[in-house]
1. Can you tell me which residue within the range 58-82, out of those that are over 13 Å from residue 25 (Cα atoms) and of a type in the set (A, V, I, L, M), is surrounded by the most Cβ atoms within 10 Å (Cβ to Cβ)?
2. In the range 40-52, which residues are of a type in the set (Phe, Trp, Tyr) and open to solvent by 10 Å² or more (accessible area, probe 1.4 Å)?
3. Please find, within the range 54-75, the residue that is modelled with the lowest pLDDT out of those that are more than 12 Å from residue 38 (Cβ to Cβ) and in contact with an Asp or Glu (Cβ under 8 Å, 6 or more places away or on another chain).
4. Looking only at the range 18-47, count how many residues are in a loop (DSSP other than H, G, I, E, B), under 11 Å from residue 73 (Cβ atoms) and charged (D, E, K, R).
5. I'm told residue 55 meets every condition in (1) in contact with a helix residue (DSSP H, G or I) (Cβ under 9 Å, 6 or more places away or on another chain); (2) surrounded by 14 or more Cβ atoms within 10 Å (Cβ to Cβ); (3) over 16 Å from residue 19 (Cα atoms) except one. Can you identify the failing condition by its number?
Amino acid sequence: MSNKPTRNDSLKDRLSRSREITISVTGRKSGRTISIPVWFVLDEDKLYLLPVQGSDTQWYKNVLKNPSIRIGAGGAEAEFKAVPITDGKQVASVLDKFRAKYGDNYSNFDVAVVAQMQ
């Protein structure tokens, strides 16, 4: 058995040291890949994203149509499935995680996203 780290271990290691990641989504109208730098929270095996304009955020609208996204950090990347979070209590919980990492400049968010490794 090899002790060589897998691609996902490498990404997780880089995520643990990053403040910002790049997500690549498929445009719902253009069909083109669009890459966007975003802040995130890694909580155990869950990667949370917070669309800065809530449900009006363009990348959020794109993942509603095509939930397959690529996440990259520090040269490592992997495929994820974006799962929308719309329940108020769950969104509030994600907001708390973002405030703990980045400070209190978060308010009026109606949605969040959890990215699940594919």
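The values are calculated or read from the model by the stated rules, or taken from the named source; none is laboratory data. Keep in mind that this is a model prediction, so the values were computed, not measured. So basically every Cβ, Gly included, is an ideal-geometry build from the backbone, and we count neighbours across all protein chains shown. The protein model used for the area step is the full one, side chains on, heavy atoms only, and it has no ligands, DNA or RNA in it. Shrake-Rupley method; radii C 1.70, N 1.55, O 1.52, S 1.80 Å.
1. The residue in question is 73.
2. Passing the criteria: only 48.
3. That would be 54.
4. Residues meeting the conditions: 1.
5. (2)
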